[in-house]
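Shown next, in structure tokens, is the structure this report addresses.
No lab work stands behind these numbers, since they all come straight from the coordinates. No experiment lies behind these values; they were computed from the predicted model shown. Here the Cβ positions follow ideal geometry from the backbone for every residue, glycine too, while neighbour counts run over all protein chains shown.
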Amino acid sequence: MIGLLSGTVAAVGEDTALIDVGGVGYVVQSGGRTLARLQVGAPARLFIETHVREDAIRLFGFSSEEERAWFAHLQTIPGVGAKVALGILDTMPPDALADAIAIQDKAAFARANGVGPKLAARLATELTGKGGPKGFIGLGGSAPRASSTATVTASGARAEAVSALVNLGIDQSSAARAVASAAKQFDADAPAPELIRAALKEVSR
């Protein structure tokens with residue numbers, strides 16, 4: 001099972017890249033955001049999710065272990081295959097995806113190619129009830145952070161804000177949703193005190 005490829009970009013196509021690893025070329029399927037970072041002739045390091053079928057072995061490549069783990073996690077939802085999962089990750093990077101799950105933002109999921117209203121609703125609902133994606137530890141900070149529902153990517157000011165709300169007696173899931181919703185009010189990352197004030201307003205609604 002291939003989990004990582006380090007080599008040189010030999011070619012980049014519409015939805016695939018050819019990675020030369022020691023003279024062997026691996027065809028890797030990737031989303032648009034990952035492919036946009038690859039340059040022919042430049043070194044590349046891709047985290048790989050391997051799908052083995054009776055008639056083929058398919059490699060899906062990602063620039064971070066966190067994205068790879070989310071790719072696998074999304075496919076635990078019925079109706080979500082590799083193509084749809086790639087489309088979702090092209091629309092929402094992991095941080096935005098965790099926020100969409102926290103506030104059950106169906107519209108955010110519906111913006112992805114291949115996701116209709118019914119599937120968007122299922123994703124927003126069912127992912128909220130699951131734990132975060134599981135990945136490898138110690139890969140240069142790119143592994144997903146293990147945590148409870150929809151707080152997978154909470155860090156820094158957001159994590160502090162969630163912790164503050166929990167200390168005030170608000171349950172973890174509600175605190176995560178309130179902070180994720182409050183964060184959308186700011187153009188850039190807000191300091192914890194401002195996030196806490198905005199999140200408290202969300203809770204009181």
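Structure notes:
- Local electrostatic count, residue 39, Cβ distance below 14 Å [Lys/Arg +1, Asp/Glu -1]: +1
- Segment 65-128: C-alpha gyration tensor shape, a/c 1.5 cut-off, then a/b vs b/c: rounded
- Placing +1 on the Cβ of every Lys and Arg and -1 on the Cβ of every Asp and Glu, with nothing else charged, gives the chain a dipole about its Cα centre of roughly 420 debye.
- Once the mean of 1/r is taken over each pair of separate Cα atoms and inverted, segment 1-87 shows a Kirkwood hydrodynamic radius of 13.1 Å.
- For segment 156-204, convex hull volume per residue from C-alpha positions, Å³: 56
- Label-to-label distance, nm, for residues given as residue 163 and residue 186 (7 Å Cα→Cβ offset): 1.6
- Estimated translational D of the chain in µm²/s (Stokes, Kirkwood radius over Cα pairs; 4 °C; 1.567 mPa s): 72
- Across the chain, the mean sequence separation of Cα contacts (distance under 8 Å, 6 or more residues apart), normalised by length, yields a relative contact order of 14 percent.
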